[in-house]
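The values are calculated or read from the model by the stated rules, or taken from the named source; none is laboratory data. The model shown is predicted, which means the values in this text are computed figures rather than measured ones. Note that we place each Cβ from the backbone using ideal geometry, even for glycine, and neighbour counts take in every protein chain shown. Surface areas here come from the heavy atoms of the whole protein model, side chains and all, with no ligands, DNA or RNA. Shrake-Rupley method; radii C 1.70, N 1.55, O 1.52, S 1.80 Å.
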Amino acid sequence: ESAVGNFLAVLTFGKLLSNYPLGWLADHKGRRWVLRLATLGWVATALFSLGILALARAGLLTRFAFPGYWLAYPLFVLVALFSPADWVAGQNLLLDLAPEDDRPLYLGFANTVLGLALLSSGLAGGLVDWLGLSALFAAAVVVNLLAWYFLGRLAPQPAIT
């Protein structure tokens, strides 16, 4: 039970601490750059999760001198570091890309699509039931690499200097 509290504390403080550097990077390197960095962070998170899963399946977690759940702390740090990037850079990039007169339409459409994605996240549970956790983490790697690629195809937005 204490581990759950520790995980929540790591998430909370990590998100608070990463907001400022991500905002600074978005202002100085550009929002697209921050989102591409976040996609690579999510790839690292999924790959680390796959590694923990492989260790667990091989029965190696019990051989550590520390409890196996301690390996989840780096995952929570990664999640805390990259979660705010979506809010710091994502919505603002959309505002940069949308023509001024059509911004409400773009935002409404984006929020609708994001809402559908959120509602369909229950499909991940079905994927886990059907193919296992490895498939879910592998799908996360593929989707984030695709996002990294497509973000790279966007025209760079000017950074605030």
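Descriptive notes on the structure:
- Flag for R31 being basic (K, R) and either modelled with pLDDT of 95 or more or open to solvent by 40 Å² or more (accessible area, probe 1.4 Å) (or both): no
- Taken residue by residue, the range 7-28 has no member that is open to solvent by 80 Å² or more (accessible area, probe 1.4 Å), out of contact with any helix residue (DSSP H, G or I) (no Cβ under 9 Å at 6 or more places or on another chain) and not in a helix (DSSP H, G or I).
- Meeting the requirement of 2 or more residues that are of a type in the set (F, W, Y) and touching a residue at least 60 places away in the same chain (Cβ under 8 Å), the helices (runs of 4 or more DSSP H) wholly within the range 72-161 are 72-85, 133-153.
- All positions within the range 26-54 that are within 21 Å of Y149 (Cβ to Cβ) and in contact with a Gly (Cβ under 9 Å, 6 or more places away or on another chain): R31, R32, V34, L35, R36, A38
- Single residue of the range 83-106 satisfying the filter (farther than 27 Å from A44 by Cβ and touching a helix residue (DSSP H, G or I) at 6+ places or on another chain (Cβ under 7 Å)) that is least open to solvent (accessible area, probe 1.4 Å): A98
- Across the range 1-28, the qualifying residues are those that are modelled with pLDDT under 90 and among the aliphatic types (A, V, I, L, M), and the one among them that is farthest from the chain's Cα centre (by Cα) is A3.
- The residue that is nearest to the chain's Cα centre (by Cα), counting only those in the range 38-47 that are buried (at least 20 other Cβ atoms within 10 Å of the Cβ) and within 13 Å of D86 (Cα to Cα), is W42.
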